[in-house]
1. Any residue in the stretch 477-494 that is surrounded by fewer than 21 Cβ atoms within 10 Å (Cβ to Cβ) and more than 16 Å from V396 (Cα to Cα)?
2. Return the only residue of E354, E286, E321 being over 20 Å from the mean Cα position of the chain (by Cα) and either open to solvent by 10 Å² or more (accessible area, probe 1.4 Å) or free of Cβ contacts under 8 Å to residues at least 60 places away in the same chain (or both).
3. Taking only pairs six or more apart or across chains, which ones have beta-carbon atoms under 6 Å, a first residue in the stretch 10-32 that is among the hydroxyl-bearing types (S, T, Y), and a second residue that is surrounded by 15 or more Cβ atoms within 10 Å (Cβ to Cβ) and at pLDDT below 75?
4. Can you name the number of the only condition in (1) under 24 Å from E46 (Cβ atoms); (2) in a helix (DSSP H, G or I); (3) over 13 Å from the mean Cα position of the chain (by Cα) that M206 fails?
5. State which residue is least open to solvent (accessible area, probe 1.4 Å) when the search covers only the stretch 495-524 and only residues that are charged (D, E, K, R) and not in a loop (DSSP other than H, G, I, E, B).
6. Looking at the stretch 61-72, can you tell me whether even one residue there is basic (K, R), under 27 Å from Q252 (Cβ atoms), open to solvent by 10 Å² or more (accessible area, probe 1.4 Å) and part of a loop (DSSP other than H, G, I, E, B)?
7. Which one of G265, G238 is touching a Lys or Arg at 6+ places or on another chain (Cβ under 8 Å) and of a type outside the set (D, E, K, R)?
8. Just to be sure I understand the filter: pairs with C-beta atoms under 6 Å, separated by 6 or more residues or on different chains, first member in the stretch 63-86 and farther than 28 Å from I47 by Cα, second member open to solvent by less than 20 Å² (accessible area, probe 1.4 Å). Which pairs pass?
Amino acid sequence: MEKKYKPHFSVEKIEDLNNLMFYGAYGCSEEDFKRPIIGIANSFNEIVPGHMNLRQVADFVKKGIYRGGGTAVEFGTIACCDGVASAHEGNFYVLPSREVIADSVETMVKAHRLDGLVMLGSCDKIVPGMLMAAARIDIPTIFVAGGPMLGGPAFGKKQKTDGTAFTEAMGMMQVGKASEQEVRNLAMLTMPTCGSCSMYGTANTMSAIAEALGLSLPGSALIPAVYAERFRAAQASGEKIVELVKKGITSQQILTFEAIQNAIGLCMASGGSTNAVIHLCALAYELGIDTDEVLKEFDRQSSIVPVIVTVNPASNVWDMEDWYKAGGVPKVMQNIKKFIQPQAMTVTGKTMGENLDEHRFLYPADDDLVRTIDNPHSTLGGLAIMRGNLAPDSGVAKPAAISEEVRQFTGEAICFDSEDECSEALKALKVKPGHVVVVRYEGPKGGPGMREMYAPMKLLHGQGLATCTALITDGRFSGTNNGCFVGHISPEAAVGGPIALVKDGDKITIDVINKTLTLHVSDEEMAKRKAEWKYEPKKTKGYLARYAKLAKSADKGGVLE
């Protein structure tokens, strides 16, 4: 039975005329207060390519809200671009921005007692920040993605490129395999439209996760930003949020552990970004779910859920547009239905299982891109929770993006105490075949802010070292990376984790098949090094100083205590 909608405000109450007075200042009438007041949290700006279309998306959400019988009120929040920030020290702020986004959305909703909320975003930390806010506010909530951009021209082995091809080309130029003009051309051609980057990085992973969690309409997450279908989905979301308010279906009824299990299943089946681990841990933290249970679930599913869809960077053929046309998230969820929790509630007002049974696809199936579990691209899980004496509390690898020849790799450590030191060494061609590159003091506290190791990995790829070297770090990786890599190593170096004690020349084994990370140094030697270890935190001020002081470790979601 539907719950009767009870508005927060009623013009019949004399004390609520204060609200009418303020809303009325921009044109609202008494009639508007008889309808649900629906907030639109819009992260539009003119810096982030993935958010350039969100003004138009918001317009269609408003149309849907009014069609559904609600009153729309829009407000903004910040949005940082990893791609822009990763080129300079701005990268320190990207993960910490997630907490600002969550705080700002929570603050606006609670301060103004909104009845429902539609959240608009697309990119790496914006989507998880909004999901965290949804977990806190517990009102009817829908997430609407801005959608991925279209791919760029062919380059190297890839039929369609994305923005990361530029950094790969930089590495090629450093070893004489590409000209400066080719690099300049790529800078202008690999990102031809607005939208989140066209590969399966963190941005598109988190939008897909929002749908798998049940917080976005089925089939909406991966619609390209420039497709008219993107606007139709936005309008439908506007109508649906009013229905959710009237039915009393809130975000915490949708964001359950079962929903997180479904999101993990999607990540495994599609080879999602390693950042999905830290963000789902953060979401679990907001919901009061033990983050250790989330890591255990990642570990459990990595052993049973095969990779059935592969797109750039794991594929040289397909990108996000191709995956959308091949059925998107619903097709993958249908094909792994035996592994998911069908009873999980969604924003349709129906369960995940009901949605999958009723879903209708616009485009013909591509059974080579999205395969069945009996004919997978790989039987090795899309993500792996790594353990060992180098990562006692866990690390994260992405077998789906690691070539078979380096899924078990042993090499000698070459250590750097920052991403910048590593990048300079790469430019000087100091990294050689057989090296395990160790980048430390880049965790949540040490960075501070847990920077992405996007640039070093792409330079290694461009220099032809992706299948004869490895990189491990207490920082993060972009979902765009390939090669042999392990990130999120916990405890991090800044709190004296084992990664802080590694020395040049130490032997390290990375085994993503068995999910182990081993430093071949005796316990006695490690104890001696720990006794001699010294660390001076970076001098920071402002928000980064507060973040460094309050941030929990990566295995706890990097949230603020």
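1. Taking every residue of the stretch 477-494 in turn, none turns out to be surrounded by fewer than 21 Cβ atoms within 10 Å (Cβ to Cβ) and more than 16 Å from V396 (Cα to Cα).
2. Numbers: E286 fails: over 20 Å from the mean Cα position of the chain (by Cα); E321 fails: over 20 Å from the mean Cα position of the chain (by Cα).
None of the others qualify; the one that does is E354.
3. S10/D16
4. It is condition (3) that M206 fails.
5. Looking at the filtered set, the residue picked out is D511.
6. Looking for residues that are basic (K, R), under 27 Å from Q252 (Cβ atoms), open to solvent by 10 Å² or more (accessible area, probe 1.4 Å) and part of a loop (DSSP other than H, G, I, E, B), one finds none in the stretch 61-72, hence no.
7. Numbers: G265 fails: touching a Lys or Arg at 6+ places or on another chain (Cβ under 8 Å).
One residue alone meets the criteria, G238.
8. If the second residue must be open to solvent by less than 20 Å² (accessible area, probe 1.4 Å), the pairs left are G68/V242; G69/V242; G70/P36; G70/I38; G70/V242; T71/I37.
The values are calculated or read from the model by the stated rules, or taken from the named source; none is laboratory data. Values in this document were obtained by computation on a predicted structure and should not be read as measured data. Neighbour counts run over all protein chains shown; Cβ positions are idealised from the backbone, glycine included. Surface areas here come from the heavy atoms of the whole protein model, side chains and all, with no ligands, DNA or RNA. Shrake-Rupley method; radii C 1.70, N 1.55, O 1.52, S 1.80 Å.
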